[in-house]
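None of the figures in this text is laboratory data; all of them are computed from the coordinates on show. It should be emphasised that the depicted structure is a prediction, and the values quoted were computed from it without experimental measurement. Every residue, glycine among them, receives a Cβ derived from its backbone with ideal geometry; neighbour counts consider all protein chains shown.
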Amino acid sequence: MRDLRHHREALALNTATLGHRSPIEAVIDKCAAHGFGAIAPWRRDLEGRRLADVAARIRDRGLTVTGYCRSTYFTHASHAERQAAIDDNARAIDEAAAIGAASFVLVVGGVPDGMHDIAAARQQAIDGVGALLERARTVGVALAIEPIHPMGAAGRSVVNTLAQALDWCDALDPERQGGLGLMVDAYHVWWDPDLEAGIARACRDGRVLGYHVSDWLRDTRDLVTDRGMMGDGVIDLRRIRGLLEAAGYRGPVEVEIFSATDWWVRPEDEVLEFCMSRLLDVC
């Protein structure tokens, strides 16, 4: 496995980890100052900003952009709503290209209100991703489907395992033309008994576009906003990275922590110090 101390380019910060409290300019500066080599902004971070200015600042600080977070949900009750989501995501893909992001992260949406057909919701999501694929290829931004823990199937995402996400990739990109893959988020996939096989298949097919780390707290209080700092929970993060790298992955290791009552209320420099320490010692 890589010694991340010698691979600054692989140390990435997802800006959600700091709770979106400071302007993106300050987050970029702190990210670089704490030794990270890459950053993954959220769309909300760039509201009201000139994308060219943000991109220039990222480059000037020696950072690359791993991904751009995240998609509008594709699943809706009406055709008009579904088309509006596709249009919004198309605009976001252009934004991702403008800041030099390698990928656009897709959290596809759950089962729409009033609907009880998860298979139909999944088809809506597949159709939505497929509608964006050529645009993404044209601007050079890969679409990264992120499987979400099954507890989020109703409200957040109807794609819940690596195998399922890979099946979608195969259906939409059978000839492997590129521009489509998945985001492996340890928080969402650590529980999967078929994790090893899923990682091996994803790497073999060249589908892994990134790897997110945080930890699952044993007594988590909220499935979305109570993630733990790496090493504070139950996930064997080093094993998962070992599986990825044994299968050929050499991309970033990106810390993404949603923590409304803990890390989001701590001083940002303290959070970044902990993140860097745990990336090196735990992940």
Would any residue of segment 148-180 have its amide N under 20 Å from a label point 7 Å out along Cα→Cβ of ALA120? List them or say none.
153-159
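Between GLU175 and SER277, take the C-beta separation as r, use R0 = 45 Å, and let me know the FRET efficiency to the nearest 0.05.
Working: r = 44 Å, r/R0 = 0.97.
Working from the Cβ atoms, E equals 0.55.
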Could you check the simple spin-label distance between GLU196 and ALA84, using points 7 Å along Cα→Cβ, in nm with one decimal?
4.7 nm
Peptide ranges 179-190, 10-21 listed from the most packed, as the mean C-beta count within 10 angstrom indicates:
179-190, 10-21
Estimated dipole of segment 4-281 in Debye, rounded to 20 [Cβ of Lys and Arg +1, of Asp and Glu -1, Cα centre]
520 debye
Cut-off 12 Å between beta-carbons: net charge of the residues surrounding ASP226, Lys and Arg +1, Asp and Glu -1
-2
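Given the chain, what percent of its DSSP beta bridges are antiparallel, to the nearest 5?
Once the DSSP bridges in the chain are tallied, antiparallel ones form about 5 percent.
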Stretchable slack from ALA77 to ASP127, in nm (0.36 nm times residue separation minus alpha-carbon distance)
16.6 nm
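In whole percent, what relative contact order does the chain give with Cα contacts below 8 Å and a gap of six or more residues? Don't skip to the end; give the middle numbers.
On the way: 553 pairs, mean separation 54.0, N = 283.
Relative CO of the chain lands at 19 percent.
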Amide proton proximity set for ILE39, modelled H, under 5 Å, gap of 5+:
LEU13, THR64, VAL65, THR66
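Tell me, rounded to the nearest percent, the portion of alpha carbon pairs in segment 4-281 spaced more than 26 Å apart. Show your work: numbers first, answer last.
Working: 15056 of 38503 pairs.
For segment 4-281, the share of Cα pairs beyond 26 Å comes to 39 percent.
Run the numbers for THR64 and ARG204: contour at 0.36 nm per residue of separation, minus the present Cα-Cα distance, in nm. Intermediate values should be presented prior to the final figure.
Working: separation 140, 0.36 × 140 = 50.40 nm, distance 2.49 nm.
Gain in length upon complete extension: 47.9 nm.
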With label points built 7 Å along Cα→Cβ from the Cα atoms of VAL234 and ALA247, find their separation and express it in nm.
2.2 nm
Long-range HN-HN contacts of PHE104 with modeled amide H, under 5 Å:
TYR68, ALA142, LEU143, ALA144
Give me the tail of P(r) for segment 134-283 as a percent: Cα-Cα pairs with distance above 23 Å.
38 percent
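What 222 nm value per residue comes from the helices of the chain, counting each DSSP H run with n ≥ 4 as -39,500 (n - 2.57) and dividing by all residues, nearest 500 deg cm²/dmol? Present the calculation step by step, with values, prior to reporting the outcome.
Working: 9 runs with 111 residues, N = 283.
After summing the helix terms and dividing by residue count, I get -12500 deg cm²/dmol.
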I need the phi-derived Karplus couplings for segment 51-66: 6.51 cos²θ - 1.76 cosθ + 1.60, θ = phi - 60°, integer Hz, Gly and Pro marked x.
4, 5, 5, 5, 4, 5, 5, 4, 5, 4, 8, x, 9, 10, 10, 6
